[in-house]
Amino acid sequence: QVQLVESGGGSVQDGGSLTLSCVSTGSGSRGCMGWFRQAPGKEREGVASVKSDGTTNYADSVKGRFIISKGNPRNTLYLHMNNLKPEDTAMYYCAAGLSIRGCSNNINWQPDYWGRGTQVTVSS
């Protein structure tokens, strides 16, 4: 069983930056890891993902602004968010999938494990 715990959320102004962290524990494959977000009244959407081979993928709305990276040690995942906009306000969830094929094509993939989320609020 894989457990994911996010941290680093908070409140920033338009144009600000935040870095989210996700600590992954437990045994099991992690072919895919990534971040999702869900704003009030909206559907959950994939934000960024990274495969075990290092390949990354991003939602069009965050390309050029967000960077997903694996930390050192390898059980830590980061989401570096720059030039934040009010539209980025949401609960952000760390996610992990067993298969590397899970996030190979679609940013809105289906993870096997979820964190409980960390809130990001961007004010204008």
### Message
As a test of reading the structure, rank Lys70, Lys85 by solvent-accessible area (1.4 Å probe, protein chains only), most first.
### Response
Lys70, Lys85
## Note on the structure
Note on region 69-124: alpha-carbon gyration tensor, axes a ≥ b ≥ c; rule is a/c under 1.5 for rounded, else prolate if a/b larger than b/c, else oblate; result prolate
### Query
So, in nm, how far is label Asp53 from label Ser124 when the simple model puts each one 7 Å beyond its Cα toward the Cβ?
4.3
### Query
If the chain between Leu98 and Lys63 were fully stretched, how many nm would it gain, using 0.36 nm times the residue separation less the Cα-Cα distance?
10.1 nm
### Message
What's the ranking of 44-52, 100-108, 88-96 by average number of surrounding C-beta atoms within 10 Å, highest first?
### Response
88-96, 44-52, 100-108
## Note on the structure
At 4 °C and 1.567 mPa s, the Stokes-Einstein diffusion coefficient in µm²/s for the chain, with hydrodynamic radius from the Kirkwood sum on alpha carbon pairs, is 92
### Summary
Along region 10-17, Karplus-curve 3J(HN,Hα) (6.51, -1.76, 1.60; θ = phi - 60°) to the nearest Hz, with x for Gly and Pro, reads x, 10, 9, 8, 3, x, x, 10
### Message
I'd like the accessible area for Trp109, computed on protein heavy atoms only with a 1.4 Å probe and all protein chains in place. Round to 10 Å², please.
### Response
10
### Summary
Mean separation of Cα contacts under 8 Å (at least 6 apart) over the residue count of the chain, i.e. the relative contact order in percent, is 36
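The values are calculated or read from the model by the stated rules, or taken from the named source; none is laboratory data. Computed from a predicted structure; not experimentally measured. Quick reminder, even Gly has a Cβ in these numbers, built from the backbone with ideal geometry, and neighbours come from all protein chains shown. Only protein heavy atoms, including side chains, enter the accessible area calculation; ligands, DNA and RNA are left aside. Shrake-Rupley method; radii C 1.70, N 1.55, O 1.52, S 1.80 Å.
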